[in-house]
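As structure tokens, the structure follows; a few thoughts come after it.
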Amino acid sequence: MRPAPDLSLYLVTDTALSRPRPVADVVRAAVAGGATAVQVRDKDASRRDLLALTRAVQAAVAHRPDVPVVVNDAVDVALIAGADGVHVGQDDLPAAEVRRLLGADALLGLSVESVEHLAAALRLPAGTVDVVGLSPVWATPTKPDAGPGLGLDGVRELAARARAGGLRAVAIGGIDSGRAAAVAATGVDGICVVSEICTAADPEAAARRLRAAFDRAGAR
């Protein structure tokens, strides 16, 4: 089994927010600035287009084998592209079934929005899920269907429960450079960011600010 990746600054792509720049260019710049993992997400793309996007992102970070590229939801695309893993939500394919398809070495993330969601994840056989995405910390327009905001206290509680159960945790939703340190202080293994990087005039600088804020909080 490969070593657990660094999830400190986890970029989730958004094609619309990245325009007019190609997503791959934003990803390349963000990784140069300190992004440590990338999730390819485009809910509006066809499977064919999502595959092309995933391959473009993989090419953009090919010089950084330590930066995993995972695909949101689309297990078929991840398998065809040879991506490093998949992230699924509560309404997507069951995590146990996804793990069977991916094999033991892929990274599998699962969104959780409540204590109940986390408890269900912890009941799965060991090794099914690697990381839980605690969502959303605060309400965010990039994911309008997400549940009510967990807040910092909610994230802290879920992160502690996840760690006690052997899972890593990242937080997503409304995180910017001004909030990154506070989220890091909850004990999560990383912060997931969409808008703050994808809309930035300088994605590399934005990623550098976020990473510095996370690291200053003493996060792992």
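Data for the structure
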{"read-out": "Cβ crowding within 10 Å averaged over residues, with 20-27, 90-97 ranked highest first", "value": "20-27, 90-97"}
{"read-out": "Formal net charge of residues neighbouring G82 (Cβ-Cβ distance under 12 Å; K, R +1; D, E -1)", "value": "-1"}
{"read-out": "Residue of G165, G151, G178 that the Gaussian network model of the chain assigns the largest fluctuation, springs spanning Cα pairs under 10 Å", "value": "G178"}
{"read-out": "Between region 156-220 and region 61-104, the alpha-carbon center distance in angstrom", "value": "21"}
{"read-out": "Highest-MSF residue in the chain out of A205, A78, A159 [GNM, Cα springs under 10 Å]", "value": "A205"}
{"read-out": "Net charge over other residues, Cβ less than 12 angstrom from the Cβ of V57 (K, R count +1; D, E count -1)", "value": "+1"}
{"read-out": "Gyration tensor verdict on region 48-167 (Cα atoms; rounded if a/c is under 1.5, prolate if a/b is larger than b/c, oblate otherwise)", "value": "prolate"}
{"read-out": "Charge dipole magnitude, Cβ of K and R +1, D and E -1 - the chain, Cα centre, debye nearest 20", "value": "400"}
{"read-out": "Kirkwood-based shape ratio for the chain, expressed as Rg/Rh from alpha carbons", "value": "0.93"}
{"read-out": "Contour minus Cα-Cα distance for A139 and A160 (0.36 nm per residue)", "value": "5.4 nm"}
{"read-out": "Sequence-distant residues sharing a close amide H with L107 (under 5 Å, placed H)", "value": "G85, V86"}
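Read-outs: derived from the displayed coordinates by stated rules, not from any lab. None of these values were measured; they are calculated from a predicted model. Note that each Cβ is placed from the backbone with ideal geometry, even for glycine, and that neighbours are counted across all protein chains shown.
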